[in-house]
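S.K.: Structure in structure tokens, see below.
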Amino acid sequence: MFHCQRILVPLDGSELAERALPSALAIARAMAGQGRCVVHLLRVVPPLFLALDPPLYAETLSLSEAEAGDYLALTGAKWSEAGVLVRTAVTSGPAAEEILAYAQKQDIDLLVMSSHGRSGFGRWVYGSVTEKVLRQACCASLIIRPGEVPPPVTFRKMLVCLDGSPLAEQVLQPVLTLAQAMSAAVCLLRVVPPALLAVETYAMAQLLSTVDEMERDTADAYLRQLLVSLPVADLPISISMQTVMGPAAEAILDTAVSQNADLIAMCSHGRSGIGRWVYGSVTEKVLRGATCATFIIRGSPNG
């Protein structure tokens, strides 16, 4: 069972970063059936790169931390009034390291971040902060896209990306738990990459077509078997399946659009290993190209 009782939302003081809040708070409300759910708001005060004497440096840092504390107090009070238990914390240091350390210390279950913060899309998502967080986070991560207007307060259609491996299937339990809590529909997606062989003859083209058809049939059989193994009867949600052929990342993105999905879910460790599946050609393209939220968990070889 995926327990989501501690949610972390890092904020940098910008409205763009605050776009992660509605989704985080909606999940907190939806998961209340598991017990008390706490939303942690974290503001990291970055180190000062100024040539200041120690007393002035300490004073400047103290003022920055006080300002961050006031900001979080106001933000937390606003959402506490909506019936969500909110805790706030201010730390200082390198942003990514502080976020990761706080998540580990507080045993965070879900990290929710906006993909566009004060530093702009290029830095906040794929720069030093979020890239480090996504690579090393000890918990599941939900990334809210900048193009979603307004920010999602619930999710109605979740697209779960699978590659046929047990590692990739580790995303199923968290997604099904969220889907049940939010009454969302789930679509299991298996992408079959086309054969990448040079076709020189008609006979070769026919052979490749046969191979592609066999691969698709195998993928369909895998999804059907997976559906049978899921506790569908115990889940009051709709679960469907789809197999598509094509380059993995592009097929995922196209299917998310055609399915009108508002959440793409993936495991960060699939058949190709974490170096490719998370930050290689597939998941990096999905993270960059998705027009909806992305839910990423770190897979474990030990399950």
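The values are calculated or read from the model by the stated rules, or taken from the named source; none is laboratory data. Because the structure is a prediction, the values reported are computed rather than measured. In this analysis, Cβ positions are derived from the backbone assuming ideal geometry, glycine residues included, and neighbour counts consider all displayed protein chains. SASA here: full protein model, heavy atoms, side chains in, ligands and nucleic acids out. Shrake-Rupley method; radii C 1.70, N 1.55, O 1.52, S 1.80 Å.
S.K.: What accessible surface, in Å², does a 1.4 Å probe find on Phe295, ignoring ligands, DNA and RNA and rounding to the nearest 10?
M.R.: My reading of the accessible area for Phe295 is about 0 Å².
S.K.: Further question on the same structure: Tell me the net charge near Ala66. Cut-off is 15 Å between Cβ atoms, Ala66 excluded, with +1 for each Lys or Arg and -1 for each Asp or Glu.
M.R.: Values: positive: Arg43; negative: Glu59, Glu65, Glu67, Asp70.
With Lys, Arg at +1 and Asp, Glu at -1, the neighbours total -3.
S.K.: If you don't mind, another one. Straight-line reach from Lys285: which lysines fall under 21 Å, measuring Cα to Cα and dropping same-chain residues less than 8 apart?
M.R.: Those lysines meeting the cut-off are Lys132, Lys157.
S.K.: If you take every residue apart from Ala140 with its C-beta less than 10 Å away from the C-beta of Ala140, what net charge results, scoring Lys and Arg +1 and Asp and Glu -1? Present the calculation step by step, with values, prior to reporting the outcome.
M.R.: Details: positive: Arg298; negative: Asp109.
Surrounding charge for Ala140 is 0.
S.K.: Can you tally the net charge around Thr91? Count Lys and Arg as +1, Asp and Glu as -1, for every other residue whose Cβ sits under 11 Å from the Cβ of Thr91. Let's see the in-between values first.
M.R.: Details: positive: Arg43, Lys105; negative: Glu65, Glu97, Glu98.
Residues close to Thr91 contribute a combined charge of -1.
S.K.: How much solvent-accessible surface does Met241 expose, in Å² to the nearest 10, with a 1.4 Å probe and all protein chains in place?
M.R.: Met241 exposes around 60 Å² with every protein chain in place.
S.K.: Run the numbers for Glu215 and Glu97: contour at 0.36 nm per residue of separation, minus the present Cα-Cα distance, in nm. List each step's numbers first, then the result.
M.R.: Numbers: separation 118, 0.36 × 118 = 42.48 nm, distance 4.28 nm.
Additional length available on full extension: 38.2 nm.
S.K.: What percentage of the solvent-accessible surface of the range 11-50, computed with a 1.4 Å probe over protein heavy atoms, is contributed by carbon and sulfur atoms?
M.R.: 60 percent
S.K.: Okay, moving on. What is the gain in length, in nm to one decimal, between Arg224 and Gln173 on full extension, counting 0.36 nm per residue of separation less the C-alpha to C-alpha distance?
M.R.: On the way: separation 51, 0.36 × 51 = 18.36 nm, distance 1.71 nm.
Full extension of this stretch gives 16.7 nm more.
S.K.: What are the ³J(HN,Hα) couplings of the range 217-223, residue after residue, when phi is run through the Karplus curve with 6.51, -1.76, 1.60 and θ = phi - 60°? Round to Hz, x for glycine and proline.
M.R.: 4, 5, 5, 4, 4, 4, 5
S.K.: Now for a different question. Give me the one-decimal nm value for the distance between modelled label points at Glu15 and Lys78, 7 Å along each residue's Cα-to-Cβ direction.
M.R.: 1.0 nm
S.K.: Enter the accessible area per residue of the range 133-174 (Å², integer; probe 1.4 Å; all protein chains in place). Show your work: numbers first, answer last.
M.R.: Values: 1500 Å² over 42 residues.
For the range 133-174, the solvent-accessible area averages 36 Å² per residue.
S.K.: If DNA, RNA and ligands are ignored and the probe is 1.4 Å, what is the ranking of His3, His40 by accessible area, most exposed first?
M.R.: Numbers: His3 95, His40 5 Å².
Correct descending sequence by accessible area is His3, His40.
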